[in-house]
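Here the structure comes first, spelled out in structure tokens, and everything after it is commentary.
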Amino acid sequence: MGAFVPHVVVAAESLASDDPDAVVGSNIQVVNRLRAEALLELEELSHDALMSYYVDLYAAQVANGGFSQFVWNTCWDELLVGLVRDGLAAIGAHRNAAAFEAGAGVVARLGPARLAAFLEGEYFGSPNPEREALNGVNDAIRDATREENLTALNDAWLRGRPDLVATDEAGLRRLVDQVSAAVPDHAERLARAEREEPDYLKVVKALCASAGHRFDQVTAGDPAFEYEGVRTIGWHFWTDRGHFVAVGPAAGGAVMLDAESRVQVAELSPAAVAELVGEAGRAAPA
């Protein structure tokens, strides 16, 4: 099956902004909506849009927790790795591409068994030689990103796409509705998505409902997030009111924090979390 949306779509207002995050962020929002609402698979979206999306994800992950965090959060998925590799080359981030390949070389040297053990284990487990080996490329990545600003390169590349489509909210709504109607098994996809919804997403949506926010999308899981002096997984997400993080305290409940101020916005009791998901498990957004 070919792509339902073969071109890059962004908000028209983002193109008028001088902020390089505006166009990159708009592409991310459109991709997230097409996946969450139209339920498109990656291969049904624009390859250019996905390259930009995953280069930005890679940049955010390594800036936050190093190369090991990117590997752990993405489970070194072959498709995602390929999109980052292609995307760094496409935007002209040659030093970053070289640093990424150095990291890929570390993954290859670990081998399938050690990589699987790392992905299935506790990220902050000690000792963790796989994590330390993967983070051996962090200095090279930092040097590369100082010389090549990935957001600026990503922004310039997106603006130069010959098939770039700019739209307003009404136009995006029409696109999502048209694509949803064109997907022949949309109802089956929706039922499957509801059955397979990961625990972290159920908790995030419940926190949003408790706070009176309209949920938008989860953007990343941060295994290095610190809450009340304890390292845990923080799920970054957006609502109609901005950027927030969900964490599950050791007592078994969950809280919603403002991502910048760390002020608590909402809370779920351990009983409420247990009713939603039972024994919570780890699952990373793709």
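Quick notes
- Residue pairs meeting the criteria (Cβ under 6 Å; at least 6 apart or on separate chains; first of a type in the set (G, A, S), in segment 124-153; second in a helix (DSSP H, G or I) and at pLDDT 95 or above): A133/V106; A140/A99; A140/A102; A144/R95; A144/N96; A144/A99
- Count of segment 154-199 residues which are acidic (D, E), under 24 Å from M51 (Cα atoms) and under 23 Å from the mean Cα position of the chain (by Cα): 2
- Selected residue (criterion: farthest from the chain's Cα centre (by Cα)) from residues of segment 121-146 that are farther than 22 Å from G82 by Cα and part of a helix (DSSP H, G or I): P129
- One residue stands out in segment 217-248 among those that are of a type in the set (A, V, I, L, M) and touching a residue at least 40 places away in the same chain (Cβ under 8 Å): the one that is surrounded by the most Cβ atoms within 10 Å (Cβ to Cβ), namely A246.
- Extreme residue, surrounded by the most Cβ atoms within 10 Å (Cβ to Cβ), among residues of segment 108-123 that are under 14 Å from Q69 (Cα atoms) and touching a residue at least 12 places away in the same chain (Cβ under 8 Å): F118
- Restricting attention to segment 133-154, the residues being closer than 19 Å to G65 by Cβ and surrounded by 11 or more Cβ atoms within 10 Å (Cβ to Cβ) number 15.
- For A104: the one exception among (1) in the same structural domain as G136 (by TED's automatic domain parsing); (2) modelled with pLDDT under 95: (2)
- Within segment 66-119, considering residues that are among the basic types (K, R) and farther than 19 Å from S46 by Cβ, the one nearest to the chain's Cα centre (by Cα): R95
- Test: residue in segment 155-175 that is of a type in the set (K, R), within 30 Å of A89 (Cα to Cα) and either in contact (Cβ under 8 Å) with a residue 60 or more places away in the chain or touching a Ser or Thr at 6+ places or on another chain (Cβ under 8 Å) (or both): yes
The values are calculated or read from the model by the stated rules, or taken from the named source; none is laboratory data. Predicted, not measured: the structure shown is a model, and the values here were computed from it. Glycine also receives a Cβ, built like all others from the backbone with ideal geometry; neighbour counts cover every protein chain displayed.
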